[in-house]
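Student: For reference, the structure I am asking about is given below.
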Amino acid sequence: MTTLYEPVGARARQSYYWRVRNARTRALQAVHACETWHIHHGHPGGAYSDFGHDLTPPHHHSPTLLSRRTYGRGDNQYRGGCLSCEWEGDITTGPGREAFNTAVTGAHDHAFPGWRLLPTTSHRAEAWDQLLWAQISAGYPRGWVEAGAPLVVWRHRRNDLHQPPYRRRPRYELRVAKPPRQPSTTAGGQAELF
């Protein structure tokens, strides 16, 4: 039995994915492209084309999402990745949305430790403008905005997916749960007066 080379790191895995997809050797033709780890479509570095002109890794950690299909099992597998180093997160499986969000969260924990302390907004990317973004990002650590730190948004539903960057939103939009409401202390104090 021949053991195939298994690359490490998001960029190396994406290059390997394209070698398998365009296989010319028998060893690579035996592997199905979707079963290899690759950058998930729509995530940084993962359009279904090669890296094109962007062959140089970024100078800062840059999160992305790796995925692969597993035939014979109901769930796809996900793991966070970094476009500037070989870091890869733990493999997550299970309900698609939960595994997806866990992997994206892990990638942000690697690239932006402490991102959970960033200012949170209720405005989604379609609604926010440059002035609002300037107000939100004023609370970000130095250099994080330029490095692509995420926009942290209160989620509307329990199963909201984290959103990858796209043309109108140049950074991830991470959806987090609102903290539970605290019972009002003024109502209880007011009742004691009567």
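Just so you know, all these numbers are worked out from the coordinates, no wet-lab data involved. Since we're looking at a predicted model, the values are computed, not measured. Every residue, glycine as well, gets a Cβ built from its backbone with ideal geometry; the counts of neighbours run over all protein chains shown.
Student: List the residues whose amide H sits under 5 Å from the amide H of Glu88, counting only those 5 or more places along or on another chain, with H placed 1.01 Å from N in the peptide plane.
Tutor: Result for Glu88 returns nothing.
Student: Pop the C-beta distance of Tyr71 and Gln182 into the FRET formula with R0 = 45 Å and round what comes out to the nearest 0.05. Numbers along the way, then the final one.
Tutor: On the way: r = 48 Å, r/R0 = 1.07.
The calculated FRET efficiency here is 0.40.
Student: Through the Karplus equation 6.51 cos²θ - 1.76 cosθ + 1.60, θ set to phi - 60°, convert the phi angles of the range 132-143 into ³J(HN,Hα) values in whole Hz; use x for Gly and Pro.
Tutor: Once rounded to whole Hz, the list reads 4, 4, 4, 5, 5, 6, 4, x, 7, x, 4, x.
Student: So what are the ³J(HN,Hα) numbers for the range 114-121, from phi and the Karplus equation (6.51, -1.76, 1.60; θ = phi - 60°), rounded to whole Hz, Gly and Pro as x?
Tutor: x, 4, 5, 8, 5, x, 10, 10
Student: What order do you get for 162-175, 98-111, 132-145, 10-23 when each peptide is scored by the mean count of other beta carbon atoms within 10 Å, highest first?
Tutor: Numbers: 162-175: 17.2, 98-111: 21.3, 132-145: 13.2, 10-23: 19.2.
Most protected by this proxy first, the peptides run 98-111, 10-23, 162-175, 132-145.
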